[in-house]
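The values are calculated or read from the model by the stated rules, or taken from the named source; none is laboratory data. All of these numbers come straight from a predicted model, not from anything done at the bench. All Cβ positions, even for glycine, are placed from backbone atoms using ideal geometry, and neighbour counts span all protein chains on display. Note: areas computed on protein heavy atoms with side chains; ligands, DNA, RNA excluded. Shrake-Rupley method; radii C 1.70, N 1.55, O 1.52, S 1.80 Å.
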Amino acid sequence: MCGIVGAVAERNVVEILLEGLKRLEYRGYDSAGVALLQSDGSLTRVRRTGKVQELVDAIGEDEALGSTGIAHTRWATHGGVTEANAHPHVSDERIAVVHNGIIENYQTLRENLSAKGYRFTSDTDTETIAHTVNEAMKTAGSLLEAVQQAVTQFHGAYGTVIMDKQDPSRVVVARSGSPLVIGLGLGENFIASDQMALLPVTRRFIFLEEGDVAEITRRSVTIFDKQGNEVEREVIESNIEHDAGDKGGYRHYMLKEIHEQPTVVRNALQHRLDEKGLVADVFGSGADALFEKVKHVQIIACGTSYHAGMTARYWLEQYANVSCNVEIASEFRYRKSVVHENSLLVTISQSGETADTLAALRLAKELGYMASLTICNVPGSSLVRESDLSFMTRAGAEIGVASTKAFTTQLTAFLMLTLALGKYNSMSASDENAIVQALHSLPAKLEETLTITQGIEDLAEEFADKHHSLFLGRGDQYPIAMEGALKLKEISYIHAEAYASGELKHGPLALIDEEMPVIVVAPNNELLEKLKSNVEEVRARGGIMYVFADKDTAFASDDTMRVINVPHCDAPIAPIIYTIPLQLLSYYVALIKGTDVDQPRNLAKSVTVE
Ligand code: G6P
């Protein structure tokens, strides 16, 4: 989703801003722009629809200069994808603004500002920020004061950076609902919506809190809280290992990230699981004492993270004897729900910034859950900072919009949570041992599973001209079928639906014909015989099936069924293992179709607006 980069320096900041935008491309966007101030007070603005490269090419021609600047990648919400709607927006060729989020009362602001003579040149809500600040400048003593006045008029979410042509020595930033991080340099300072953008220039960051307004100059950063009091915020040294700029020889980030899974899962387990089992308090200091009281788990998430939560429900109820509900964050936050006694709220998120998940956490705090835990991949993110407990998945930076390694590390985390909660809810020793052993075998099993690529490449050829597909799974493989369908639709644009196989007769059987490939995930578990019956139901109606099956299941390829053998694995980790071939299938289908694998159309990596 939208991305922000800003800089106040002595040198020309154009390269820093453009490199920052490139590093934010993974978030998904449809236009980009930059505004620069020079010490002589000139303002240059360049905007383009399409990729950041188009902006880079346009700037190349203009040779823009500026030691203070702001830049933005826009993911359209209010107003179509046009150059006029791209950020930065300006007021009177003086105030320039970039903004993430949505100003919900923009219509009213727009009417009031128009009445005062301000002329709007875009359909965006953001332009109201530029004019509101400009209007406030009439009475305020500084840009900082003007922004502090202006933000009191905004309803909705914003992470915004504002500069004034008449004072090129500073930018003022404000955060409410959309994250902003300040990057500290030597004699220069930066601002971004995501630390990824600033990794080439600094590793020292300050994450702004809700309601903060800050003034950034070359030599100073001054932060004010919601009440206008000057505050100190902690400086954090980032230890992000993976460099966004590096595809490591792979054709796409997604493929690189698929192949990183054995390593990142190994990292996720390191120092948390030893030969005897789970190490104490791996979910944070005091977590075990709290878990002792937990009788119910409420999981909240979106997208792929929601599928991880759905899988966890099977595990928590089957192995840990803890009841569990799972809900999509955008539903949970807008309905009245009943809080179970001794209920632990678990949010799960790759980015830690998903607007709906964050809003659900804030709501849950008011509802009286006994505690909140977030399972998250980004240290210092909003969910991490606002939850009582946090557990980092250690997947490293995930650049591909379609989530892969974040998902398998989330599942790994949930198996550890199953062990942690099961300990206090009469989990059987044999189940505990089975999960511990399975987790120890997981990194090597993932490596083995990644070797079945060739068969999947061939399969993808047969698939690429189809318009629809159906994914089937049972038990804890049902959410994996859902995740497989999501991957395929996200990056290959083929319509894909997932069903619990037992539901076939209740509707989807009507769709079966040779144009509707059916993908089946079939590990060797207690539901295998049931699944085989479902497969026969499809075969009897002329369906073409692609079955990912444990080699012991005795599925054999024939005219109507193509079987791809998946290495045998222990039951608790089967959902993680069967995820791999489905990721590879969607990747190779997308490759054949020639879609933009890492940045699929219309999608964003980090969904910071609801
Ligand atoms: C977007 C991304 C998905 C992700 C979902 C939830 O839709 O494209 O890959 O699963 O947001 O994001 P989160 O960061 O909360 O896991």
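Send over the Kirkwood Rh of region 348-413, from the inverse of the averaged 1/r over different Cα pairs, rounded to one decimal Å.
Values: mean 1/r = 0.0829 Å⁻¹.
This gives a value of 12.1 Å.
Could you do me a favour and compute the accessible area per residue for region 1-143, 1.4 Å probe, result in Å²?
Numbers: 5260 Å² over 143 residues.
The answer is 37 Å² per residue.
Considering only protein heavy atoms, what per residue accessible area in square angstrom results for region 291-419 with a 1.4 angstrom probe?
Numbers: 3820 Å² over 129 residues.
Heavy-atom SASA per residue in region 291-419 reads 30 Å².
Treating the angle as unsigned and between 0 and 90°, give the value, to the nearest 10°, between the Cα long axis of helix 303-318 and the longest Cα principal axis of the chain.
Approximately 40 degrees, to the nearest ten.
Give me the net charge for the shell around residue 468: Cβ to Cβ below 9 angstrom, other residues only, Lys and Arg +1, Asp and Glu -1.
On the way: positive: 466; negative: 497, 515.
Charge balance near residue 468 sits at -1.
Could you give the radius of gyration (one decimal) and Dmax (whole number) of the Cα atoms in region 474-583, in Å?
Using the Cα atoms of region 474-583, the pair Rg, Dmax is 13.0, 35 Å.
For region 1-46, which trypsin sites (Lys or Arg not before Pro) are both in a DSSP coil and crowded by at most 16 other Cβ atoms within 10 Å? Spell out each step's value before the answer.
On the way: sites: 11, 22, 23, 27, 45; in loops: 11.
For trypsin sites (Lys or Arg not before Pro) across region 1-46 that sit outside H, G, I, E and B with at most 16 neighbouring Cβ atoms in 10 Å, the list reads 11.
Mind listing P(r) for region 93-147? All alpha-carbon pairs, 5 Å bins, whole percents.
4, 20, 31, 26, 16, 3
State which entries of 505/605; 247/487; 505/551 exceed 24 angstrom in Cα-Cα distance in the structure shown. Intermediate values should be presented prior to the final figure.
Numbers: 505/605 36 Å; 247/487 20 Å; 505/551 27 Å.
As for pairs spanning more than 24 Å Cα to Cα, those are 505/605; 505/551.
Would you please classify the overall shape of region 209-322 from the alpha carbon gyration tensor, given that a ≥ b ≥ c denote the square roots of the eigenvalues, rounded means a/c under 1.5, and beyond that prolate means a/b larger than b/c while oblate covers the rest?
oblate
Under 12 Å from a point 7 Å along the Cα-to-Cβ line of residue 276: which residues of region 413-446 have their amide N that close?
none
If you line up the long axis of helix 478-492 against the longest principal axis of the chain, both from Cα atoms, how many degrees apart are they, to the nearest 10?
In the chain, helix 478-492 runs at an angle near 50 degrees to the longest axis.
Compute the distance from the alpha-carbon center of region 353-414 to that of region 1-48, in whole Å.
So the separation of the two Cα centres works out to 29 Å.
Does region 396-521 come out rounded, prolate or oblate by the C-alpha gyration tensor, with a ≥ b ≥ c the root eigenvalues, rounded set by a/c under 1.5 and, if not, prolate when a/b is larger than b/c and oblate if not? Don't jump to the answer; show the numbers that get you there.
Details: a/c = 2.30, a/b = 1.59, b/c = 1.44.
Cα axes put region 396-521 in the prolate bin.
For region 106-248, with equal point scatterers placed on the C-alpha atoms only and solvent neglected, what are the log10 I(q)/I(0) values from the Debye formula at q = 0.14, 0.20 1/Å, to two decimals?
Scattering profile of region 106-248, log10 relative to I(0): -0.70, -1.21.
Given axes a ≥ b ≥ c from the Cα gyration tensor, I'd like to know whether region 560-610 is rounded (a/c under 1.5), prolate (a/b larger than b/c) or oblate. Don't jump to the answer; show the numbers that get you there.
Numbers: a/c = 3.60, a/b = 1.51, b/c = 2.39.
It comes out oblate by the Cα gyration axes.
How much of the pair distance distribution for region 280-320 lies past 16 Å, counting alpha-carbon pairs only, in percent? Please report the intermediate quantities before stating the final value.
On the way: 412 of 820 pairs.
Everything past 16 Å amounts to 50 percent.
List the trypsin sites (Lys or Arg not before Pro) within region 258-339 that DSSP assigns to loop and that have no more than 13 neighbouring Cβ atoms inside 10 Å. Show your work: numbers first, answer last.
On the way: sites: 266, 272, 276, 293, 295, 313, 333, 335, 336; in loops: 272, 276, 293, 295, 333, 335, 336.
Filter output for region 258-339: 276, 293, 335, 336.
Out of all Cα-Cα pairs in region 284-409, roughly what percent, to the nearest whole number, are more than 26 Å apart? Numbers along the way, then the final one.
On the way: 1033 of 7875 pairs.
Of all Cα-Cα distances in region 284-409, 13 percent exceed 26 Å.
What is the angle, in °, between the Cα long axis of helix 14-24 and the longest principal axis of the Cα atoms in the chain? Nearest 10 is fine, range 0 to 90.
Helix 14-24 and the main axis of the chain meet at about 30 degrees.
So which of 256/466; 336/405; 51/489; 293/532 end up more than 30 Å apart by C-alpha? Mind showing how you got there, number by number?
Working: 256/466 26 Å; 336/405 34 Å; 51/489 22 Å; 293/532 41 Å.
From 256/466; 336/405; 51/489; 293/532, over 30 Å: 336/405; 293/532.
Just flag the GluC sites (Glu not before Pro) in region 178-262 sitting in loop per DSSP whose Cβ has no more than 13 other Cβ atoms within 10 Å. Spell out each step's value before the answer.
Working: sites: 188, 209, 210, 215, 230, 232, 234, 237, 241, 257, 260; in loops: 188, 209, 210, 232, 234, 241, 260.
Loop-located and lightly packed - 232, 234, 241.
Sorting check: for 299-312, 515-528, 443-456, which peptide has the highest mean count of neighbouring beta carbons within 10 Å, and how do the rest follow? Write out the running numbers ahead of the final one.
On the way: 299-312: 26.8, 515-528: 20.6, 443-456: 17.2.
Result, highest mean first: 299-312, 515-528, 443-456.
How much length, in nm to one decimal, is gained on full extension between residue 433 and residue 92, taken as 0.36 nm per residue of separation minus their Cα-Cα distance? Can you show the working numbers first?
Details: separation 341, 0.36 × 341 = 122.76 nm, distance 6.84 nm.
Length difference between fully extended and current span is 115.9 nm.
On the protein heavy atoms, probe 1.4 angstrom, tell me the percent of accessible surface of the chain carried by carbon and sulfur. Can you show the working numbers first?
Working: 10490 of 22780 Å².
Looking at the chain in its full context, I get 46 percent from C and S.
By how many nm would the segment from residue 552 to residue 339 lengthen if fully extended, with 0.36 nm per residue of separation less the alpha-carbon distance? Let's see the in-between values first.
Working: separation 213, 0.36 × 213 = 76.68 nm, distance 4.35 nm.
Roughly 72.3 nm would be gained on extension.
Kindly report the accessible area of region 430-542 per residue (heavy atoms of protein chains, probe 1.4 Å, no ligands, DNA or RNA), in Å². Intermediate results must be reported in sequence, preceding the final value.
Working: 4610 Å² over 113 residues.
Value for region 430-542: 41 Å² per residue.
What's the whole-number percent of alpha carbon pairs in region 267-357 lying beyond 23 angstrom?
Numbers: 1213 of 4095 pairs.
Taking all Cα-Cα pairs of region 267-357, the fraction more than 23 Å apart is 30 percent.
Hey, how many Å between the Cα centroid of region 93-124 and the Cα centroid of region 66-81?
Taking the Cα centre of region 66-81 as reference, the centre of region 93-124 is 14 Å away.
Considering the Cα trace of the chain, what is its radius of gyration and what is Dmax, both in angstroms?
Answer for the chain, Rg first and Dmax second: 25.4, 79 Å.
Under 17 Å between alpha carbons, and skipping anything fewer than 8 positions from residue 138 in its own chain: which aspartates and glutamates qualify?
The qualifying aspartates and glutamates are 92, 93, 164, 167.
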